Amino acid sequence: MSRIGRKPLEIPKGVTVSITKDNVQVKGPKGTLNMKRHAAIEVKQAKDEGKDVIVFERKGNLGPERAAHGLMRALVGNMMKGVTDGFSKSLEINGVGYKAEIKGNKITLSLGFSHPIDYQLPEGITAKTDKNLLILSGIDRQQLGLAAAKIRSFRPPEPYKGKGIKYVEETILRKAGKTAGK
């Protein structure tokens, strides 16, 4: 049985969860998130030691059902963390003349190409800059990761000088450049 899926998920204060036949909705101080429920996973609200919790049970024991068991718990847990605390991802922009400008809901990136790149942020994602850092934040972890990956794909870091856009926690394996030989 899934170790993650078996753990009950505690509902934080100020968060309401509504479970329908095919949908899970989480409302909190930062907003509302919806997710389609997996058909093989039963999602129920219960009481555990005086606390409100959500319990996840699977109907069968086949491989896809076992895989979805822990996944559903993790996704609902991310929804709860998102509506209470939110998520953020930091991208570091390295390179001479490389910069990012934010105008409303649009990011204009100058990355050494002959033209600037305009990227429209998805709904619910906000951005701010701090010197060479681009900080994205939002309540939906999947949307946030998708936006960060798309921005990074415009100029991934190269291994010789480290120029490009990288995640702050990412390390770039550097290569030695050419050397003069005889």
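The values are calculated or read from the model by the stated rules, or taken from the named source; none is laboratory data. A quick note: this is a predicted structure, and the numbers were derived from the prediction, not measured. Every residue, glycine as well, gets a Cβ built from its backbone with ideal geometry; the counts of neighbours run over all protein chains shown. What goes into the accessible areas is simple: the full protein's heavy atoms, side chains included, and nothing from ligands, DNA or RNA. Shrake-Rupley method; radii C 1.70, N 1.55, O 1.52, S 1.80 Å.
Relative to the longest principal axis of the C-alpha atoms of the chain, give the angle of the C-alpha long axis of helix 141-153, reported between 0 and 90° and rounded to the nearest 10°.
20 degrees
Note down the net charge around residue 123, summing +1 for each Lys or Arg and -1 for each Asp or Glu among other residues with Cβ under 15 Å from its Cβ.
On the way: positive: 30, 106, 141, 150; negative: 140.
My count for the surroundings of residue 123 gives +3.
With a 1.4 Å probe and every protein chain left in place, tell me how much accessible area residue 62 has, in Å² to the nearest 10.
120 Å²
Just to check I understand the Karplus step: with θ = phi - 60° and J = 6.51 cos²θ - 1.76 cosθ + 1.60, what whole-Hz values come out for region 24-37, glycine and proline as x?
10, 10, 10, 10, x, x, 8, x, 10, 10, 10, 8, 6, 7
Under 1.5 on a/c is rounded, so check that first for region 54-182, then, if it is not, pick prolate when a/b is larger than b/c and oblate when it is not; a ≥ b ≥ c are the square roots of the alpha carbon gyration tensor eigenvalues. If you can, show how the numbers build up before the last one.
Working: a/c = 3.14, a/b = 1.63, b/c = 1.92.
It comes out oblate by the Cα gyration axes.
Around residue 89, with a cut-off of 10 angstrom between Cβ atoms, what is the net charge of the other residues, counting Lys and Arg +1 and Asp and Glu -1?
Cβ neighbours under 10 Å give a net charge of +1.
Express in Å², to the nearest 10, the accessible area of residue 88 obtained by rolling a 1.4 Å probe over the protein heavy atoms while all chains stay in place.
Residue 88 has an accessible surface of roughly 80 Å² with all protein chains in place.
Can you list the lysines whose alpha carbon sits under 29 Å from that of residue 7, skipping same-chain ones fewer than 8 residues off?
Within the straight-line cut-off, residue 7 pairs with 21, 27, 30, 36, 44, 47, 51, 59, 81, 89.
What is the helix-to-structure angle for 63-84, meaning the angle in degrees between its Cα long axis and the longest Cα principal axis of the chain, kept from 0 to 90 and rounded to the nearest 10?
80 degrees
Taking K and R as +1 and D and E as -1, what net charge do the other residues with C-beta under 14 Å from the C-beta of residue 176 add up to? Intermediate results must be reported in sequence, preceding the final value.
Values: positive: 161, 174, 175, 178; negative: 158.
Here the count lands on +3.
Under a cut-off of 16 Å between alpha-carbon atoms, report the lysines in cross-link reach of residue 163, not counting same-chain residues fewer than 8 places apart.
Hits, sequence-local ones excluded: 99, 131, 175.
Looking at the chain as a GNM with Cα springs under 10 Å, which of 148, 127, 39 has the largest mean-square fluctuation?
39
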